[in-house]
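Down below is the structure, laid out as structure tokens.
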Amino acid sequence: QDQSNKFAPEFVQSYPDFVRSDEGWQYKDVKVGTGDAVVEVGDRAVFDWSGYTIGYFGRPFEAKGGPQGGAFDKDLDYSRTVIGSGTVVPGLEKGLMSMKPGGVRQIIVPYGNLSYPPEDLEHNKVGPKPTTFSGQRALNFVLENPRVDRTLLFNVKLVRIDKANGKGGF
């Protein structure tokens with residue numbers, strides 16, 4: 001019996017109510033957005049997000065809590081990325097594509113080339129970056145530990161799309 005790999009398990013769970021991509025990330029639309037525009041390469045996606053270490057006790061590393069509305073809805077709180085720029089986790093970037101404004105999607109990102117790169121534990125090159133130290137610590141604890149399931153779950157709400165052609169304001 002081969003014991004050499006017992007501490008490096010491969011976790012690729014499948015969730016029956018999620019759509020699985022060929023690359024290995026999975027998604028489920030909680031709410032489909034409206035309008036004709038969908039996120040495409042070159043567009044800037046403006047989004048709100050929360051993140052969980054789904055494979056390791058479901059701990060949040062970025063959570064949006066408290067009452068909705070008011071200061072929470074200020075444009076400044078939103079994350080932004082230009083699709084194709086490589087500034088967010090590849091699995092999240094792929095999950096944002098095809099979304100419409102107002103849409104809410106859960107995206108499951110397996111550890112590896114679709115997740116955070118291991119050499120950027122400050123999350124300055126590839127985000128989204130947790131906004132708190134404790135969130136960053138929780139995320140890094142999982143990312144640096146090969147003995148746990150490093151699968152992540154992102155809850156994403158697409159606020160708006162700024163089309164690359166200038167029709168969306170950028």
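The values are calculated or read from the model by the stated rules, or taken from the named source; none is laboratory data. From a predicted model like this one, the values you see are computed outputs, not experimental measurements. Glycine gets a Cβ as well: all are built from the backbone with ideal geometry, and neighbour counts include every protein chain shown. Just so you know, the surface numbers come from the protein's heavy atoms only, side chains and all, with ligands and any DNA or RNA stripped out. Shrake-Rupley method; radii C 1.70, N 1.55, O 1.52, S 1.80 Å.
Taking residues in the stretch 106-120 that are more than 21 Å from ASP22 (Cβ to Cβ) and outside any loop (DSSP other than H, G, I, E, B), and partners anywhere that are open to solvent by less than 20 Å² (accessible area, probe 1.4 Å) and not polar (S, T, N, Q), not one pair has Cβ atoms closer than 9 Å while being at least 6 places apart or on different chains.
Tallying residues that are open to solvent by less than 30 Å² (accessible area, probe 1.4 Å) and in a helix (DSSP H, G or I) within the stretch 140-152 yields 3. In the stretch 81-96, how many residues are under 14 Å from PHE47 (Cα atoms) and open to solvent by 40 Å² or more (accessible area, probe 1.4 Å)? Number satisfying all stated conditions: 3. Within the stretch 133-144, being out of contact with any Ser or Thr (no Cβ under 9 Å at 6 or more places or on another chain) and touching a residue at least 12 places away in the same chain (Cβ under 8 Å) holds for GLY135, GLN136, ASN140, GLU144. Spot the failing condition for GLU40; the list is (1) part of a loop (DSSP other than H, G, I, E, B); (2) at pLDDT below 90, and only one is missed. Evaluating GLU40 over (1) part of a loop (DSSP other than H, G, I, E, B); (2) at pLDDT below 90 leaves (2) as the failure. Considering the stretch 125-139, and only residues there that are under 21 Å from GLY42 (Cα atoms) and not charged (D, E, K, R), the residue that is surrounded by the fewest Cβ atoms within 10 Å (Cβ to Cβ) turns out to be GLY127.
Report yes if GLU62 is within 17 Å of the chain's Cα centre (by Cα), surrounded by 18 or more Cβ atoms within 10 Å (Cβ to Cβ), acidic (Asp, Glu) and at pLDDT below 95, otherwise no. So GLU62 fits the description; yes. If I ask for residues that are modelled with pLDDT under 95 and open to solvent by less than 60 Å² (accessible area, probe 1.4 Å), which ones from the stretch 27-37 would you list? If the condition is that a residue be modelled with pLDDT under 95 and open to solvent by less than 60 Å² (accessible area, probe 1.4 Å), then GLY35, ALA37 are the ones that fit.
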